[in-house]
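Before any comments, here is the structure.
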Amino acid sequence: MDTDVLIVGAGPTGLALGIDLARRGVDALVVERADGLFPGSRGKGLQPRTMEVFDDLGVVDAFLAAGGPYPVGMVWKDGERVGEHRMFDEPDGSEDSRYLGPWMVPQWRTQEILLARLEELGGKVAFGREVTGLTQDADGVTARLADGAALRARYLVAADGGRSAVRRALGIAMAGESVDPAPMLVADVRISGLDRDHLHVFPPSPAGSDYLVIWPLAGTEDFQLTAQFPADTAPDLSLAGISRVVAARTHLAAEDVTEVRWASDFRPRAALADRFRAGRVFLAGDAAHVHSPAGGQGLNTSVQDAYNLGWKLGAVLRDGAPEALLDSYEAERRPNARRMLELSTAVHRGEARRGKATRQLGLGYRESPLTAENRTAPDGTLRAGDRAPDATVAGVRLFDAFRGPHWTLLALGTEAPGDADTLPGVRVVRGPAQEPYGTGLFLVRPDGYVGWAGDTAEGLAGRLTRFGIG
């Protein structure tokens, strides 16, 4: 084998998965068909749950330094400021997280931070390596490259985007719909005449399909420009074309747009792959689900895919967990991706707000085959399958205890089993009953979800064996 895991695509999904595997001692290689990282700001909004993941992966401080909160929108009409627009509902502080609101970091910077962390852990990306096809057998996957070479891995993860060559090679269909027939332009520009303390909203004309929003990209001198066009229009991505749009829809002059650093056009759509797994190959990120950007869910859902799959591959490849554990990836992630697609589409169409649901802190796996709730009368609001919230227990901040590739056993208002402190790969935290957990034993997975809960330790040993522990 050339590697244990071959990850196709060096976007946020592939890089986050590479980091998680590297810290688990799993040999993984990321291959990327482009000669470098993606250059644009496209996925710029990091939701609180993603910030929790980045905290665990050891990169959150870099993200906090690189970005900033979303500014209040300033609505313009005929060159006058006519009102404010708040893009996101304010958090109510009840979600038990250190990260309560979305954080703006342009996608190119996100990938730089993740790549640096991957390399710090000894991982690597091979640029200019395009996967064009694959075969698999009982022992592994052979990926064919455009230059005629081949790579062999025990497992392969397709994180190669919405037009995934791997997904096509597997013959996995992707069902979806057009969210909006109007084409969109997104570009990173340098522009004068606007302050950087607000995002700037230029509403559509009565005919519609011609709104423009200009976002100051936190941590940079750039603005991201997003514009809608009438159906059957082909946006002009040149400096001259973008300058004309700005001059036509705002009070600014064409020459106020001084540089276009990156530009792209697209038609908003929502699509979900029929399967997230085929044998030894897994789909993750845009290869598995494509979102409208309106809800700020695409990149974030993709990072959750990587975070879910990483610990499971590590358990199978390094801890001796049964290979059947990997079946839970699709069972857990595909329903969540479907819900996030529905939310993204609803936000795009003005049918839902960017509020609590978009922050992704409420997502969980109660229906997962890995989840077991064994308490007879749970006295807290939390249930097995839910995200394990932050709290302070006997002087220990739970998010500090969770940080790292291990499991955590919480013994709250009850006794932990006598051998708990000797279990490999498990940290034990003891304390009184704690809301929203209540009383009991709680086995928290490496990805921060409660996988098992019980009044006593009965059944815990068998649960741990299933994950290669003990």
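The values are calculated or read from the model by the stated rules, or taken from the named source; none is laboratory data. As the structure is a prediction and not an experimental result, all values here were calculated from the model. In this analysis, Cβ positions are derived from the backbone assuming ideal geometry, glycine residues included, and neighbour counts consider all displayed protein chains. Calculation scope for accessible area: heavy atoms of the full protein, side chains included, ligands and nucleic acids excluded. Shrake-Rupley method; radii C 1.70, N 1.55, O 1.52, S 1.80 Å.
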With all protein chains in place and a 1.4 Å probe, VAL428 shows an accessible area in Å² (nearest 10) of 30
Sorted by accessible surface (1.4 Å probe, heavy atoms of the protein chains only), largest first, THR456, THR142, THR3, THR422 come out as THR422, THR456, THR142, THR3
Charge tally for neighbours of SER264 with beta carbon under 10 Å away, counting Lys, Arg as +1 and Asp, Glu as -1, is -1
Among the Cα-Cα pairs of the chain, the proportion with separation greater than 28 Å, in percent, is 53
Mean Cβ-within-10 Å packing, highest first, puts peptides 269-279, 42-52 in the order 42-52, 269-279
Of all DSSP beta bridges with both partners in the chain, the antiparallel percent, nearest 5, is 70
Count of lysine pairs, the chain, Cα-Cα under 27 Å, sep. 8 or more residues or interchain, comes to 4
Summing +1 per Lys or Arg and -1 per Asp or Glu among the other residues with Cβ less than 12 Å from VAL26's Cβ gives +1
From DSSP H assignment alone, runs of 4+ in the chain each adding -39500 (n - 2.57), the sum over residues rounded to the nearest 500 puts [θ] at 222 nm at -7500 deg cm²/dmol
Cα extents of segment 29-180 per principal axis, largest first, Å, are 60, 38, 31
Taking every alpha carbon pair in segment 1-113 and sorting the distances into 5 angstrom bins from 0 up to the bin holding the longest one, the percent per bin comes out as 2, 10, 16, 18, 16, 14, 9, 7, 4, 2, 1, 1, 0
The alpha-carbon center of segment 1-59 and that of segment 314-329 are separated, in whole Å, by 20
Between the Cα axis of helix 12-23 and the main Cα principal axis of the chain, the angle (0 to 90°, nearest 10) is 30
Rounded to the nearest 10 degrees, the helix 298-318 long axis (Cα) sits at an angle to the longest Cα principal axis of the chain of 30
Lys and Arg at +1, Asp and Glu at -1: neighbours of GLY128 with Cβ under 12 Å from its Cβ sum to -2
